[in-house]
Amino acid sequence: MTAQLMEVKGLSKSFGTMKAVKSIDFSIQEGRCVALLGPNGAGKTTTIRMLTGLLAPTAGEVSFRSLAPGEDRRALIGYLPQTPAFHNWMSGMEYVVYAGRLCGLGVSEAKNRAKELLERVGLADAAKRKLGGYSGGMKQRLGLAQALVHQPKLLVMDEPVSALDPLGRREVLRLLKELKSETTVLFSTHVLHDAEELCDDVVIIRSGEVALQGSLASIRSQHRQPVIELKLDEDNTRGMDWARAFVQRTNSGEASYSWLSEAELRGNRLHLTAAHMDQARQALLEELARHSVPFSRLEVGYSSLEDLFMKVVGE
């Protein structure tokens with residue numbers, strides 16, 4: 001059984017009359033990867049800034065195992081903000097050594113750690129280059145190196161891949177997969193696929209409150225439902241008109257389908273929650289053929305973290 005590393009109780013933050021975070025509770029177990037999920041404006045960044053000690057809470061407390069109440073926890077945390085700031089005149093090596101020295105490492109130890117980490121994040125060949133010439137993906141990997149330089153107990157990242165192009169995103173995700181086996185990780189994101197790929201536990205917040213939390217495995221088990229997703233050609237008006245009418249008939253009760261629990265149109269994707277999968281698949285194909293509905297893909301499976309997220313934050 002893993003030990004509890006951090007516990008959050010009644011954490012709240014108000015800015016004037018606006019309550020950004022409203023008395024949230026959750027815990028982080030040692031060796032786990034935790035995703036803090038929520039739509040933009042839900043309070044993710046405010047929560048992370050309070051956890052890392054960068055923002056004083058209005059109420060509540062954050063306790064860290066092995067630390068006495070009130071003792072500074074920042075030395076045990078590595079932090080990568082959503083948009084890390086760099087001194088463009090410094091080289092990659094100089095920057096990581098600088099971060100190590102700020103964390104209390106000696107000169108020799110800081111240089112050794114910088115060399116090791118730049119190799120680890122794939123920046124060894126760019127160690128002497130000025131940061132002004134680094135790409136977005138390189139800067140994010142450098143940010144990871146500085147967050148890890150003092151070997152923290154908890155690595156905290158705020159939207160670590162949201163600003164990256166597909167190549168940079170893939171590079172950083174690969175690194176995170178390696179790191180999650182070595183240290184405890186907490187990261188915020190609104191990219192549900194990343195969370196599902198990386199995390200062990202999830203905390204979903206909505207309007208500053210915890211809407212759902214638990215291990216990804218238990219949440220999947222409790223909320224797993226058979227689903228069908230139909231991808232339509234959004235340039236084909238007949239198909240899109242049919243999908244809109246189908247959702248309207250279903251949700252208004254105008255039409256009753258015993259095989260269907262829910263219907264939702266997300267852009268050009270018709271998302272159906274089935275009551276009886278075999279019956280649903282056959283009935284849907286008959287419906288599409290009867291109305292000559294063109295579509296590019298039909299997928300049958302089970303509800304994902306994104307499906308649950310949409311349901312929870314939309315309630």
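The values are calculated or read from the model by the stated rules, or taken from the named source; none is laboratory data. Not measured: the values here are computed from a predicted model. Cβ coordinates were reconstructed from backbone atoms using ideal geometry, including for glycine residues, and neighbour counts include every protein chain displayed.
A few notes on this one:
- Flag if Arg101 is closer than 18 Å to Thr183 by Cα, without any contact (Cβ under 8 Å) to a residue 60 or more places away in the chain and part of a helix (DSSP H, G or I): no
- On inspection, Gly53 qualifies as farther than 22 Å from Glu196 by Cα and either touching a helix residue (DSSP H, G or I) at 6+ places or on another chain (Cβ under 6 Å) or at pLDDT 95 or above (or both).
- Pick from the stretch 280-302, criterion touching a Pro at 6+ places or on another chain (Cβ under 8 Å) and not aliphatic (A, V, I, L, M), ranking: farthest from Glu229 (Cα to Cα): Tyr302
- Qualifying position, being touching a helix residue (DSSP H, G or I) at 6+ places or on another chain (Cβ under 8 Å), free of Cβ contacts under 8 Å to residues at least 24 places away in the same chain and outside the structural domain of Ile24 (by TED's automatic domain parsing), among Leu260, Leu270, Leu230: Leu260
- Residue in the stretch 62-69 that is modelled with pLDDT under 90, closer than 18 Å to Leu186 by Cα, surrounded by fewer than 19 Cβ atoms within 10 Å (Cβ to Cβ) and touching a Leu at 6+ places or on another chain (Cβ under 7 Å) present: yes
- Residues of the stretch 56-71 that turn out to be in contact with a helix residue (DSSP H, G or I) (Cβ under 7 Å, 6 or more places away or on another chain) and not in a loop (DSSP other than H, G, I, E, B), as a count: 2
- If you check Thr58, Thr46 for being at pLDDT 90 or above, in contact with a Ser or Thr (Cβ under 6 Å, 6 or more places away or on another chain) and closer than 26 Å to Glu209 by Cα, only one passes: Thr58.
- Per the conditions (1) surrounded by fewer than 17 Cβ atoms within 10 Å (Cβ to Cβ); (2) of a type in the set (S, T, N, Q); (3) at pLDDT 90 or above, the sole criterion not satisfied by Asn251 is (3).
- Qualifying residues in the stretch 279-305 (those that are surrounded by fewer than 15 Cβ atoms within 10 Å (Cβ to Cβ) and modelled with pLDDT under 85) - the one farthest from Ala217 (Cα to Cα): Gly301
Condition check ((1) in contact with a helix residue (DSSP H, G or I) (Cβ under 9 Å, 6 or more places away or on another chain); (2) assigned to a loop (DSSP other than H, G, I, E, B); (3) of a type outside the set (Val, Ile, Thr); (4) farther than 27 Å from Leu54 by Cβ) across all residues:
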position	(1), (2), (3), (4)
Leu105	yes, yes, yes, no
Leu118	yes, no, yes, no
Gly132	no, no, yes, no
Gln140	yes, no, yes, no
His150	yes, yes, yes, no
Leu173	yes, no, yes, no
Leu176	yes, no, yes, no
Glu197	yes, no, yes, yes
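- Tally, over the stretch 259-285, of residues that are under 14 Å from Met240 (Cβ atoms) and among the basic types (Lys, Arg): 2
- The set of residues in the stretch 6-39 being closer than 17 Å to Gly214 by Cβ and aliphatic (A, V, I, L, M) consists of Met6, Val8, Ile24, Ile28, Val34, Ala35, Leu36, Leu37.
- Within the stretch 1-22, residues that are under 13 Å from Ser207 (Cβ atoms) have Cβ atoms under 6 Å from residues that are of a type in the set (Asp, Glu) in these pairs: Lys22/Glu209, counting only partners at least 6 apart in sequence or on another chain.
- Qualifying residue in the stretch 72-86 (condition: of a type in the set (A, V, I, L, M, F, W, C), in a helix (DSSP H, G or I) and assigned by TED's automatic domain parsing to the domain that holds Ile48): yes
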